[in-house]
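The values are calculated or read from the model by the stated rules, or taken from the named source; none is laboratory data. Predicted model, so just to flag it, every value in this text is computed and none were measured. Quick reminder, even Gly has a Cβ in these numbers, built from the backbone with ideal geometry, and neighbours come from all protein chains shown. Keep in mind that these areas ignore ligands, DNA and RNA; they rest on the heavy atoms of the full protein, side chains included. Shrake-Rupley method; radii C 1.70, N 1.55, O 1.52, S 1.80 Å.
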Amino acid sequence: STEDDLRRLARSRSLPVFVGILLGVLGALVAQNLMPDRRELTSPVEHVVAASDPLFFHTMDGLFGSNVSDGNRIETLLNGDEIYPAMLAAVEAAERTITFETYIYWRGAIAEDFADALAGRAEAGVEVKVLLDWQGSVPMDRAIRDRMEAAGVQVVRFRPVHWYNLDRINNRTHRKLLVVDGRVGFTGGVGIGDEWLGDARHPGEWRETHYRVTGPVVAGLQEAFADNWVEATGEVLKGAGFFPGLDRQPDGVRAHMTKSSAGGRNTMHLMMMTAIASAERHVRIGTPYFVPDDVAKHQLIAARQRGVEVDVLVPGAHMSKAFIRNASRHFWGDMLEAGVRIHEYQPTFYHPKVVIVDDAWVTIGSANFDERAFRLNDEANLGVFDAGFAREQAAIFDADLDRARQITLAEWESRPLRQRITDWAWSWLRAQL
């Protein structure tokens with residue numbers, strides 16, 4: 001009939017319109033996730049105060065350190081052989097609460113060990129809360145999660161994908177925090193995966209640094225966890241089990257926690273640029289992912305122009321994401337020409353995250369030296385104002401340099417054409433890597 005013909009014609013015309021609308025919505029969501037977040041800094045921070053000057057502490061305290069405290073003890077743990085036993089011992093000694101947040105929780109022996117330890121404390125009556133980034137924990141065996149939940153562990157995925165948050169799928173939590181009874185904390189670069197086991201003796205054992213923390217600043221680690229936990233669950237952590245009174249540790253150091261969240265101020269970026277601007281002698285940067293934005297690149301060049309030594313230590317051929325190495329390498333020319341020394345670690349994948357300014361200040365924690373850490377991820381870093389701690393970290397950094405190979409400007413300029421093209425192509429995704 002004529003009426004049926006009209007209906008079929010309407011449907012045939014509406015389908016392309018519907019497909020067009022759907023593609024438009026999907027395109028908008030992709031653009032929303034790929035578009036770089038706003039940048040608060042448009043040029044390098046000027047050198048005004050030296051890191052060794054007491055005014056530097058007051059500057060960092062005023063800008064980024066609302067929880068600055070004295071009397072903190074920070075123990076450095078090198079590689080899985082030291083990191084995992086210390087973390088598991090703390091978990092097994094828990095009496096009231098455990099809060100654990102991590103980007104990576106994969107599968108394997110160490111994943112099983114942590115699941116057993118956390119489940120065991122939950123069965124003993126300890127309140128155990130585990131926050132896993134949805135994206136970073138995709139490889140996790142479901143059986144591991146089921147075992148923890150069956151024991152009473154609260155296991156929550158951070159920002160799982162739903163239709164109503166597709167515009168934030170690119171904003172992850174990269175924080176790495178373990179706090180036991182509100183008194184003992186851990187932070188640094190380690191994830192939960194067998195790749196971190198061992199002592200960095202070969203490519204199957206990744207190089208890592210993590211830290212055990214006691215003292216008042218542990219409340220800052222707990223607050224960073226609580227910040228993501230309330231977003232994920234709506235639960236506000238409170239009470240002495242999570243926030244007990246914390247005594248200063250004898251011979252402790254001055255420290256503070258800096259955290260950044262996607263959509264907020266570029267706190268991590270601002271903090272690192274301000275610190276590098278304070279350098280007068282030496283900046284050391286250890287990071288697995290070195291993809292600086294233009295401001296960070298020129299901040300390092302400005303340091304060189306006023307006579308500061310700059311050493312950057314990154315992975316070499318043993319790299320978890322080779323395309324990031326490509327993107328990073330594209331931007332090295334101006335820095336190498338200015339005298340920035342870039343070194344590639346040889347024995348295995350290098351994963352520590354540390355920035356050391358002179359013998360005065362160090363930042364440690366989850367943040368890499370890249371745009372994702374500066375603008376897209378939720379990160380948490382511990383800043384330490386102590387010459388002794390800075391010298392200890394510098395010694396570890398220098399020992400790693402002994403196992404690295406320096407890249408010269410001549411070598412960079414003589415890269416094969418195919419490598420140059422590959423580096424250039426990946427560099428276009430710098431803001432997302």
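Among (i) 4, 20, 27, 21, 14, 9, 4, 1, 0; (ii) 4, 16, 20, 20, 18, 14, 7, 1, 0; (iii) 4, 21, 30, 25, 12, 4, 2, 1, 0, 0, which is the computed P(r) over Cα pairs in 10 Å bins from 0, in percent?
For P(r) over Cα pairs in 10 Å bins from 0, in percent, the calculated option is (iii).
Quick check: from the Cα gyration tensor, does the stretch 161-246 come out rounded (a/c under 1.5), prolate or oblate? List each step's numbers first, then the result.
On the way: a/c = 3.15, a/b = 1.14, b/c = 2.77.
Since a/c reaches 1.5 but b/c is at least a/b, the shape of the stretch 161-246 is classed as oblate.
Does the stretch 120-201 come out rounded, prolate or oblate by the C-alpha gyration tensor, with a ≥ b ≥ c the root eigenvalues, rounded set by a/c under 1.5 and, if not, prolate when a/b is larger than b/c and oblate if not?
Values: a/c = 1.57, a/b = 1.18, b/c = 1.32.
In terms of gyration-tensor shape, oblate.
Explain nothing, just the number: dipole magnitude of the stretch 281-433 about its Cα centre with +1 on each Lys and Arg Cβ and -1 on each Asp and Glu Cβ, in debye rounded to the nearest 20. Please report the intermediate quantities before stating the final value.
Values: 19 positive and 21 negative charges, 95 e Å.
For this selection, approximately 460 debye.
Compute the signed sum of charges (Lys and Arg +1, Asp and Glu -1) over the other residues within less than 12 Å, Cβ to Cβ, of R391.
Values: positive: R284; negative: D358, D359, D386, E392, D398.
Surrounding charge for R391 is -4.
From the Cα gyration tensor of the stretch 284-367, with a ≥ b ≥ c the square roots of its eigenvalues, which class applies: rounded if a/c is under 1.5, or else prolate if a/b is larger than b/c, or else oblate? Could the numbers behind the result be given before it?
Details: a/c = 1.83, a/b = 1.27, b/c = 1.45.
Oblate shape, in that a/c is at least 1.5 and b/c is the bigger or equal ratio.
Write down the accessible area per residue of the chain in Å², having rolled a 1.4 Å probe over the full set of protein chains.
Working: 18050 Å² over 433 residues.
Each residue of the chain exposes 42 Å² on average to a 1.4 Å probe.
For the stretch 61-219, build the convex hull from the C-alpha positions and give me its volume per residue in Å³.
Numbers: hull volume 21.5 nm³, N = 159.
So the per-residue hull volume is 135 Å³.
With runs of 4+ DSSP H residues as the only contributors, calculate the mean residue ellipticity of the chain at 222 nm using -39,500 (n - 2.57) per run, divided by the residue total and rounded to the nearest 500. Please report the intermediate quantities before stating the final value.
Details: 13 runs with 169 residues, N = 433.
Helix contribution divided over all residues of the chain: -12500 deg cm²/dmol.
Report, to the nearest whole %, how much of the accessible area of the stretch 270-373 belongs to carbon and sulfur atoms, 1.4 Å probe, protein only.
Details: 1060 of 2420 Å².
Of the solvent-accessible surface of the stretch 270-373, carbon and sulfur hold 44 percent.
Relative contact order, percent, of the chain when contacts are C-alpha pairs under 8 Å separated by at least 6 residues?
Averaging sequence separation for qualifying contacts and normalising by length gives 19 percent for the chain.
Can you tell which of A200, V308, M268 lies farthest toward the positive end of the dipole of the chain, using +1 and -1 charges on the Cβ of basic and acidic side chains (Lys, Arg; Asp, Glu)?
Comparing the listed Cα positions along the dipole, M268 ranks first.
Under a point-charge model restricted to the Cβ atoms of Lys and Arg (+1) and Asp and Glu (-1), what is the dipole moment magnitude of the chain relative to its Cα centre, in debye to the nearest 20?
Taking the Cα centre of the chain as origin, the dipole is about 1300 debye.
Within the accessible area of the stretch 166-233, what % is carbon and sulfur when the probe is 1.4 Å and the other protein chains stay in place? If you can, show how the numbers build up before the last one.
Values: 890 of 1800 Å².
Carbon-and-sulfur percentage of accessible area, whole number: 49.
Pairs of Cα atoms under 8 Å, at least six residues apart: use those to get the relative contact order of the stretch 341-427, whole percent.
Numbers: 84 pairs, mean separation 31.2, N = 87.
Once normalised by length, the contact order is 36 percent.
Over the Cα atoms of the stretch 282-433, compute the convex hull volume and normalise it per residue, giving Å³. Intermediate values should be presented prior to the final figure.
Values: hull volume 15.5 nm³, N = 152.
Hull volume normalised by residue count: 102 Å³.
For the chain, compute the number of Lys pairs whose alpha carbons are separated by less than 23 Å, excluding pairs fewer than 8 positions apart on the same chain.
For the chain, the number of qualifying lysine pairs is 13.
For the stretch 129-146, take each phi angle, set θ = phi - 60°, evaluate the Karplus expression 6.51 cos²θ - 1.76 cosθ + 1.60, and give the result in whole Hz per residue in order, putting x for glycine and proline.
10, 10, 10, 10, 5, 4, 6, x, 9, 3, x, 5, 5, 4, 4, 5, 5, 4
Test of understanding: in a Gaussian network model of the chain with alpha carbons linked when under 10 Å, which of R183, R254, R420 would top the mean-square fluctuation ranking?
Largest GNM mean-square fluctuation: R420.
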